[in-house]
1. For residue 122 paired with residue 62, estimate the spin-label separation in nm (one decimal), with each label point 7 Å from Cα along the Cα-to-Cβ line.
2. So what is Rg over Rh here for the range 167-228, counting just Cα atoms and using Kirkwood for Rh?
3. Kirkwood Rh, Cα Rg: Rg to Rh for the range 6-76?
4. Determine, from the Cβ-Cβ distance of residue 286 and residue 23 and an R0 of 30 Å, the FRET efficiency 1/(1 + (r/R0)^6), rounded to the nearest 0.05.
5. Would you please state which residues of the range 197-216 a label at residue 157 would reach in this model, taking the label point 7 Å out along Cα→Cβ and a backbone N cut-off of under 19 Å?
6. I want to check the label-to-label distance for residue 204 and residue 173. Put each point 7 Å from Cα in the C-beta direction and report it in nm to one decimal.
C-alpha cells in the first residue's frame with residue numbers, strides 16, 4: 001500500500017483516510033496504524049475492527065455476540081486476542097523422570113489444584129464462538145462443490161482416488177473462540193487448518209477432521225500440558241450420479257482435553273486449563289502453531305514407547321521371578 005508524502009497528508013480529509021482503512025484486512029490495518037499519526041488515530045475506531053471481525057468470524061454479526069464483545073473490551077481487543085493462535089512450547093522442557101515420579105495416588109487438593117480458585121470458576125463464565133467455512137441460516141453446515149469440494153459420482157470412485165477426502169482436509173477452516181465473561185478475556189483454541197483426520201469406519205460416507213492446540217496445565221496436572229482436540233465429523237448425504245454433485249453435512253462437532261496418556265481431562269480441571277489458556281503465548285506465525293502441535297505428538301509417542309519398555313521389563317522380571325519360585329519349590333519338594 002502506497003502512502004502519500006507527509007506534506008500532502010494534511011490536505012486529505014479524515015473521511016478519505018477512514019474510507020481507505022475500512023477496506024483493509026486485520027493484519028494490514030494493524031500495519032497501516034504504524035504508518036502515520038493520522039492512520040494511527042483512525043485505526044482505533046471500533047467500527048473498523050467490527051468490520052474486520054465480521055469478515056473473519058461471521059458469528060460476530062449476531063447482536064448478542066456484539067454485546068458480548070463490547071462487554072469484554074471491544075472489537076479491537078477481541079481481534080488482538082483471537083487472531084493470533086495459541087503456541088505452547090513448554091512441552092520441549094518436559095521431563096520424563098519428573099512425570100514418572102509423580103505418586104499414583106494424589107490427594108484431591110494435589111490433583112485439582114487450588115480449590116479456592118476453582119470456586120471462582122463456573123461453566124457459565126465461558127462462551128464458545130464457532131465459525132466454519134460455510135454456515136447457513138438454519139444453523140446446519142453443508143459443504144458442496146460450490147465451496148471448492150471436488151465432484152464425485154460414486155463412493156466407489158472416492159475410495160480409490162480420495163479426491164473428496166483431500167479436498168475436505170485441505171480446504172476446511174475452523175475457528176473455536178472461547179470467551180470468559182468474568183475475566184474479560186478470549187482466545188482461539190483452533191489451529192485454523194486441520195492437524196489430521198481420517199475416514200470414520202465402518203461406514204464409507206463419514207469423514208473426521210481434527211483441529212486443536214496445546215494448552216498449559218502447569219500446577220493443574222502432572223503432565224503440565226494437554227491437547228485440546230476439536231473434532232468435526234462430516235457425512236456424504238447426497239450424490240447425484242452423472243450430475244457431478246457432492247454434498248457433505250456436519251453431523252458432529254466436539255471439544256475434549258486429553259493428557260499425555262490420552263486420558264480425558266475431567267470437567268473441573270478443564271475449566272482451570274481453559275482459564276489458563278486465555279492468557280498463554282500466541283503467534284501469528286502458523287508454522288509455529290504446527291510445530292507446537294507436532295512437538296507434542298512426538299513427546300507423547302516417546303512417553304508411550306517408554307511406558308511400553310518399562311512394562312516389558314516388568315513382565316520379564318515377573319516371569320523370571322515366577323521361574324525362580326517354581327525352581328525353588330521343585331528343589332524343596334525333591
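Every read-out reported here was derived from the displayed coordinates using simple, explicitly stated rules and does not represent laboratory data. What you are looking at is a predicted structure, and each value in this text was computed from that prediction instead of being measured. Positions of Cβ are backbone-derived with ideal geometry, glycine not excepted, and every protein chain shown enters the neighbour counts.
1. About 2.0 nm separates the two model spin labels.
2. On the way: Rg = 15.2 Å, Rh = 13.9 Å.
Reported Rg/Rh (Cα atoms, Kirkwood Rh): 1.10.
3. Working: Rg = 13.4 Å, Rh = 12.9 Å.
Ratio of gyration radius to Kirkwood radius: 1.04.
4. Values: r = 24 Å, r/R0 = 0.81.
Approximately 0.80, to the nearest 0.05.
5. 204-206
6. According to this spin-label approximation, the distance is 3.3 nm.
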